[in-house]
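Below is one structure, written out as structure tokens, with a few remarks after it.
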Amino acid sequence: MPVLSPLFQTSPQRQARVAIFLSGSGSNAEKILQAQNALLAAGQACPYQVRALVTDAPEKSRAGELGRQYDLPVISEDIKAFYLSQGESRVSLLTARGQELRNQWSDRLRQKLAPLEIDFAVFAGFVPLTNLTADFPCLNVHPGDLTYLKDGRRHLVGLHTVPIERAILEGLDCLRSSVILAQPYTGQGEDMDSGPILGLSAPVDIDLGGENLQSLLDIQARRPQRRPAGGFQDRLEEIARHNQERLKCDGDWNVLPAVVHDFAAGRYALDERNLLYYRLGTKFHPVETVVCNGDERELLFRSDA
């Protein structure tokens, strides 16, 4: 029998204390808060309690608005202002200096979070990579099906619209959102996409907006090697952004609140080989991941189980 280690150890004395991190519209955060309040309004127990909202973009995100609406404290640490104060005009991890500043910025957030004694965090549309992932479990919603492999590696990884574009250029006909246990970064965004896949959304059809695959492959081939500040601003990126928004509505909003609930309820565990298990009732089952669609769960069993 495998020896299992729960990813989160529940306590009968209290709910899990959660902080939600957001950079923009906050729609993913709002869905989690709505799910929490819906359970409480129905007289049902909720295994988690959101204790704070955290943002790197206090001027642009909806963190302040949501904090007032849901009576939650907002912890902010403006990452652009911090980099500028250190003489850097661009927020980047591409240099040793940029990585050093990212760690300093994370330390400032760490100090502000310490009094809350949170149990785990949820990255709900949180842009900056941070090594807070080494302090406590951090769930991250990702716009790509991380079970899709190419040459034995997760292919739909990366930042910005990269996972969506890769899915399109692969000729796939649908997208899925994944929720993973985020890993500490070592300088590349793909590092954080390597953790256990806790949940997967139902498929969302890809809309090419009247374009064909070859024309989009041609656009990709003409791009400069390095992504410009503000993005490529081409037709491929436009289509990817459109599909990313569709995936957020039909993917993120279904899978993320479900995984947050199940994680706080102690339904996930890893064995000694770091393989994932999911608990139904009192029994843990070996799974590749779990498809979550609202209250529905579909276990995808591992091929070696």
* To do: Confirm whether GLY152 is within 14 Å of LEU22 (Cβ to Cβ), surrounded by fewer than 17 Cβ atoms within 10 Å (Cβ to Cβ), of a type outside the set (A, V, I, L, M) and without any contact (Cβ under 8 Å) to a residue 40 or more places away in the chain.
  => no
* **Whichever residue in region 158-169 is free of Cβ contacts under 8 Å to residues at least 40 places away in the same chain and out of contact with any strand residue (DSSP E or B) (no Cβ under 8 Å at 6 or more places or on another chain) and, among such residues, is farthest from ASP234 (Cα to Cα)** => GLY158
* Asked: GLY125 fails exactly one of the following numbered conditions: (1) under 22 Å from ASN293 (Cβ atoms); (2) assigned to a helix (DSSP H, G or I). What is the number of that condition?
  -> (2)
* Under 7 Å by Cβ, and 6 or more places apart or on different chains, what pairs join a residue from region 197-217 that is over 19 Å from CYS292 (Cβ atoms) with one that is among the basic types (Lys, Arg) and modelled with pLDDT of 95 or more? -> ASP207/ARG246; GLU211/ARG235
* Asked: For region 56-103, how many residues are touching a residue at least 12 places away in the same chain (Cβ under 8 Å), among the polar types (S, T, N, Q) and surrounded by fewer than 16 Cβ atoms within 10 Å (Cβ to Cβ)?
  -> 2
* For region 199-235, which residues satisfy the criterion of being under 30 Å from LEU7 (Cα atoms) and in contact with a Lys or Arg (Cβ under 8 Å, 6 or more places away or on another chain)? -> LEU200, SER201, ALA202, PRO203, VAL204
* **Unmet criterion (only one of (1) farther than 28 Å from SER89 by Cβ; (2) touching an Asp or Glu at 6+ places or on another chain (Cβ under 6 Å)) for LEU247** => (2)
* Identify, by number, the condition in (1) farther than 21 Å from ASP262 by Cα; (2) touching a strand residue (DSSP E or B) at 6+ places or on another chain (Cβ under 9 Å) that ARG90 doesn't meet. => (2)
* Would you say VAL255 is touching a residue at least 60 places away in the same chain (Cβ under 8 Å), among the aliphatic types (A, V, I, L, M) and out of contact with any Pro (no Cβ under 9 Å at 6 or more places or on another chain)? -> yes
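The values are calculated or read from the model by the stated rules, or taken from the named source; none is laboratory data. Small disclaimer: the values here were computed from a predicted structure and weren't measured. Cβ: placed from backbone, ideal geometry, glycine included. Neighbour counts: every protein chain shown.
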